[in-house]
Amino acid sequence: MHAQTRRTSSVEPALMDAWERLQVHYARHHNAAPFWDAYQAIQDELTRSHPDHRVAVCNRLATLAERLGVVHHAQLLGETRGESRHTGSTSP
């Protein structure tokens, strides 16, 4: 896993639950649309519950998707070109 994000202790229990839920959806659907529907619903739920940590929550979920293997490299919010942790990308 290459993605690293700052931990936000107030949302850790919710993210642990999200991790378990994402694993279930991934086992059922892999990278199909129902997985991404569930991912979006979980993300919406968490960002509403933790409005002061929206970027951190989104980045942590992206990192979890990378950990599952749904995406090769998670694209994190707030990264600038110089901060990118991925080399060899053809995207801007």
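Between His30 and Asp17, the simple label model (points 7 Å from Cα in the Cβ direction) yields a spacing of 3.0 nm. Sequence-distant contacts, meaning Cα pairs under 8 Å at least 6 residues apart, place the relative contact order of the range 10-73 at 35 percent. Per-peptide packing, taken as the mean over residues of other Cβ atoms within 10 Å, places 27-33, 57-63, 39-45 in the sequence 57-63, 39-45, 27-33 from highest down. Think of the range 10-73 as a dipole: +1 on every Lys or Arg Cβ, -1 on every Asp or Glu Cβ, centred on the Cα centre; then among Pro13, Ala32, Thr63, Ala32 lies furthest on the positive end.
Taken together, the values in this text are just the output of simple stated rules run on the coordinates, not laboratory data. Being a predicted model, the structure only gives us computed values, none of them experimental. Glycine gets a Cβ as well: all are built from the backbone with ideal geometry, and neighbour counts include every protein chain shown.
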